[in-house]
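Next up is a structure, given as structure tokens.
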Amino acid sequence: MRILVVDDDSPSRRMLEKYLEPWGEVDAVGDAMACIDAFRNAIESGDPYSVVFLDIVMPGMNGHEALRELRAIEADWKIKSLDETRIVMTSILEDPHTVIKAYNEGGATSYLVKPISRKNIDDELARFGFAQKS
């Protein structure tokens with residue numbers, strides 16, 4: 001399984017990478033534009049990401065905008081909803097408006113509020129039906 005972590009905060013990014021290593025191959029980037037490039041390249045290469053952990057609050061393009069771009073790339077490639085990448089929004093923001101926006105306007109698969117624990121990660125990936133690598 002391939003996983004992409006997107007977070008402008010390097011300690012948060014490194015922590016997520018560490019938590020996700022038992023699950024698969026982890027790539028990490030620090031901004032939305034790098035996320036979009038990595039996502040597009042993965043699809044074009046025939047080895048798309050299974051999961052993206054996408055921070056919302058980032059300078060420049062925020063996570064909501066990036067999420068819409070990722071879903072547009074999948075639409076351009078005619079990827080069916082059952083085959084879409086699972087996109088987990090991550091944020092310190094837990095107000096209902098932000099959470100609803102991630103689901104309704106962007107097509108997020110799920111939403112985790114920071115700080116994120118290893119258990120949160122494990123539970124979320126297991127809920128998606130993924131298993132840790134051997």
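Derivation of every value follows stated rules applied to the coordinates shown; laboratory data play no part. Predicted model only: the values in this text are computed from it and were never measured. Heads up, the Cβs are rebuilt from the backbone with ideal geometry, glycines too, and the neighbour counts pull from every protein chain shown.
In the chain, if the dipole is taken from +1 on Lys/Arg beta carbons and -1 on Asp/Glu beta carbons about the Cα centre, which of 54, 106, 85 is farthest to the positive end?
Value computed over the given set: 85.
What size of dipole, in debye to the nearest 20, comes out for the chain about its Cα centre when the only charges are +1 on Lys and Arg C-beta atoms and -1 on Asp and Glu C-beta atoms? Walk me through the numbers before you get to the answer.
Working: 16 positive and 24 negative charges, 76 e Å.
With Lys and Arg at +1 and Asp and Glu at -1, about 360 debye.
What pairs from 80/101; 78/133; 18/119 go past 24 Å between their alpha carbons?
Flagged as over cut-off: 78/133.
Could I have the simple spin-label model distance between residue 118 and residue 44, label points 7 Å from Cα toward Cβ, reported in nm to one decimal?
3.7 nm
Each label point is 7 Å from the Cα along the Cα-to-Cβ direction; what then is the distance between the points at residue 103 and residue 133, in nm?
For residue 103 paired with residue 133, the spin-label model returns 3.2 nm.
While we're looking at this one, here's another question. According to a simple spin-label model (label point 7 Å from Cα along Cα-to-Cβ), what is the distance in nm between residue 1 and residue 126?
My value for the distance between the label points is 1.2 nm.
Let me understand the chain better: what is its radius of gyration from the alpha carbons, and its Dmax, in angstrom?
When restricted to the Cα atoms of the chain, Rg and Dmax are 13.5, 39 Å.
Mind listing the Cα extents of segment 1-64 along all three principal axes, in Å, largest one first?
Answer, in whole Å and largest first: 30, 25, 14 Å.
With a Förster radius of 25 Å, plug the Cβ-Cβ distance of residue 21 and residue 84 into 1/(1 + (r/R0)^6) and report the FRET value to the nearest 0.05.
Approximately 0.60, to the nearest 0.05.
May I pose another question? 222 nm [θ] for the chain, helices only, -39500 (n - 2.57) per DSSP H run of 4+, per residue, to 500?
Only helices count here, giving -12000 deg cm²/dmol.
Name all residues of segment 101-126 having a backbone nitrogen under 19 Å from the label point set 7 Å from the Cα of residue 95 along its Cα→Cβ direction, giving them as ranges.
Counting backbone N atoms under 19 Å from the label point, the list is 101-106, 111-115.
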